[in-house]
1. Taking the simple approach of a point 7 Å from Cα along Cα-to-Cβ for both A:GLU627 and A:TYR82, what is their distance in nm?
2. Amide H neighbours of A:TRP432 under 5 Å, counting only residues 5+ apart in sequence or on other chains, H built in-plane at 1.01 Å?
3. How would you rank A:TYR302, B:TYR96, going from fewest to most other Cβ atoms within 10 Å of each one's own Cβ?
4. Using Cβ counts within 10 Å as a stand-in for footprinting exposure, how do A:LEU195, A:LEU346 rank, fewest first?
5. Tell me, what HN-Hα J-couplings in whole Hz come from the Karplus equation 6.51 cos²θ - 1.76 cosθ + 1.60 at θ = phi - 60° for each residue of region B:42-59, using x for Gly and Pro?
6. Taking a 30 Å limit on the Cα-Cα distance, which of the listed pairs A:LYS401/B:LYS78; A:LYS30/A:LYS114; A:LYS32/A:LYS114; A:LYS84/A:LYS114; A:LYS446/B:LYS130; A:LYS84/A:LYS637 fall beyond it?
7. Give the residue from A:ALA148, A:GLY176, A:ALA212 lying farthest towards the positive end of the charge dipole for region A:117-223; charges sit on Cβ (+1 for Lys and Arg, -1 for Asp and Glu) and the dipole is referred to the Cα centre.
8. Using 7 Å Cα-to-Cβ label points, what is the A:SER540/A:VAL397 separation (nm, one decimal)?
Amino acid sequence: MIIDLGYGALVIAFLVSLYGIFAAIYGEWKKKAAWVESARLAMLLTFPLITISAASLIYALANGHYELEYVASVTSNSMPLYLKVTALWGGQAGSLVFWSWLLSLFTTAVTLRKWDRDREFLPWVIVVSLVTLTFFLILVIFVENPFARLWQLPSGQVVETMVAPAGAQVFLRADGRGLNPLLRHPGMVIHPPMLYLGFVAFVVPFAFAIAALVTNRADDRWIRITRRWTLVAWLFLSLGLVLGGRWAYDVLGWGGYWGWDPVEIAAFMPWLTGTAFLHSVMIQEKRGMMKHWNMVLIILTYSLVIFGTFLTRSGVLSSVHSFAQSAIGPLFFAFIAITFIVSLSLLISRWDSLKSKGQMTSLLSREALFMYNNLLFMGILVVCFWGVIFPLISELVTGQKITVGPPFYERATAPQFAGLLLLMGVAPLAAWRHSTFKTLGRAAWKPTLVSLLVPVIVIIGGLRQPAAILGFWLAAFVVCVTLYEFWRGAMARHRRAGESLPVALWRLAGRNRRRYGGYIIHLGVVLMAIGIIGIEVFQSETQGTLAQGESLTIQGYTVTFESLNVFDTSEGRNVARAVVNVEKDGRNLGELYPRRDYYYEAQQPMTIPGVRSTMEDDLYVLLVDWEPISTQGATFKIYHNPLVNWLWLGGIVFILGTLVAAWPNKDKEAVRSRVSRPRYAATKA
Amino acid sequence: MNFTRRKVSFLFALMAMIGVLLILINPAYAQDETPGTPTDNEVNAIAKQLYCPVCENIPLDVCPTQACAEWRELIRLKLSEGWDEGQIKQYFVEQYGARVLSSPPASGFNWLVYIIPAVGILIGIFLLYKAFQSLRAPLKVDEEDDLPEVDDDYVARLEDELRNR
């Protein structure tokens, strides 16, 4: 019953979405506000309907309805309740339901905003949002249906369909196969929802951009409306990426956080274009320029969001041949192609009306530096995109599989990331419209001088790697410039208004949260950069097989193997847990417990490191192998990861900065300035 | 005006050259490899440059499967027989194809993987150059001699930016 309810709600949501698309287009075509309002209500209705569907699926997951193939594939009796619930996004069909639910949540939130002054956008925002939602509902209902039951035919054969075949009985299992062990981690509970939230939230600015194109609004109204939506999307996407990195560090057992895996890159690409967009829209807001480019960026971001989902869901990454065999792969491919071509065609048709009157007046102005920043983001995007799809092209053309791994990406992107750090330091000092070397030099010499102390100190301290020295200087430069900007602003207020420095700082940040939130984000990026430099340049590792009482040494640490226990757990795991003692420079630092879990149901091992974590470094110990009978000897792999915790600290600062930037301003009138009265509202009146 | 355009052209030509050089130059990340007793560290130094031939995107040194453990033992065996890193990598390529390498060999069709990003970035620089071609000379007021004191200028600019957020 509950399963039929869940599927039925999905089907109704699909029909309601189709109706909403039709009503919005018809209402706009005939200029009948009632039809557009009806479309708006239809869009509102999708959220409760998909909520019913998602809740039904969660009920089935939590209560072991193993007659559903999806439930059987991602849950088992031994799994705790929270994992059964989060198994909603543990498999393909469920994650598509989750995607649809989040999208309906965001589109509903958009629907509930006040539309009085932007009524002309409404029908097209509805159309774009519902077309996207309809596509995902088609996938869920017709291709990857999580509510499909297993049926046993009279012949004994088991088939998976929604409707019972003639003479068939429901095929009941006593237990499911369980969730992929790698996904049974707290990080994986939060990471996918954050990523999906980021993905779906970018649909909102895209929908407004398309609405602006269709209605031929050449002003920056769509950007101002969606500014906070974009920041929220970016916040969730960033959070998803950081949490994904942390999950990889904790669970994948290879001592790193980012492996340039295509799945990681799939989530990183829309972040790149989204970040470029966040910078570029400021040029349009301040100077009325870059209108075409902003449209290109948001179209790219939307396409990359769908492309990212396509990459991870179509099977194309394992092989182009499995893509061809995949049911949803070709549909995704067609949807991306159609939306991309339609969006670009629309942009080209509005090309002339989007031409800006503003002109660049300086190679060193703030807007020019933002354009260099965009160039670098696009450069990194090209590297990532090409690196991901080249193996597929190569397989198609030559029939041979190849790997494009970290060396390619690191070599091609490292200089560009360094360039971005430099721009992050210089751009806040540049004025809009016009800056010269002299004006920039006047503003920059003090923070530059202070920042140069850092490379001097690290060189005196014995550091000789040029890449690390350059990286640390760039980090110091950005920190000095950012803090200097806070200082200058607060001092200016202090002198003019007589405010105390903390009050001046608080009020300064409060007057433009986006600007100062952005500076906090920059500080977060710098902290992350320090962590990345630490692990990329200074990481070391060692491996050895030890008898009990024997030790391995690395970077001053001595790790001594003490004991090993192998036992089964009640939830179907075989655990091999080692105890090692850690000393540094003769000082006992305590014990670590690296272990290897083997999940019987999934027949999959999982390596959980024992980690001693400080801001200086991480000692990351992995149990690689052991003598199965005596457990007297074991092989350990040990990584020394300097500064890696700065990466996580930077992630937190980064997120805090984004929250500051996205926090609503009290003074809404300032945001509403420069807005012309929409023509549709007049028509309606 | 011509002078400004020349400056723009020069800057972009410089950027293009730097961009291409940065992409093409291979930083010296290579590690010292000395054949000798095949310890785990020596095995891993080679294994980390190879990818598991059957798994997706997992370097051989960290792959937890039994097959990969056997391949690591194969590397140990080859090292003990006096093979060097290049020979072992070549052996794996011959056995399992180029997919075991962490980057495609720079030959034949695979050249494209290295060339296209550089070409893409050059196109980006060219587009930026076109955008700057219409660079308009700034008004004289902000030329050096007429510059106000830095702090006054800064306060005015800050106020302007905060007003127009």
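1. 3.9 nm
2. Answer set, sorted by chain and number: A:ARG366.
3. Ranking A:TYR302, B:TYR96 by Cβ neighbours within 10 Å, fewest first, gives B:TYR96, A:TYR302.
4. Least to most surrounded, the residues fall as A:LEU346, A:LEU195.
5. Going residue by residue, I get 5, 4, 5, 4, 8, 4, 6, 8, 10, 10, 4, x, 10, 7, 9, 6, 10, x Hz, with x marking Gly and Pro.
6. The pairs that break the limit, which is 30 Å between Cα atoms, are A:LYS84/A:LYS114; A:LYS446/B:LYS130; A:LYS84/A:LYS637.
7. A:GLY176
8. For A:SER540 paired with A:VAL397, the spin-label model returns 4.3 nm.
Any read-out appearing in this document is the output of simple, stated calculations on the displayed coordinates, not a laboratory observation. Just so it is clear, the structure is predicted and the values come from calculations on it, not from any experiment. Heads up, the Cβs are rebuilt from the backbone with ideal geometry, glycines too, and the neighbour counts pull from every protein chain shown.
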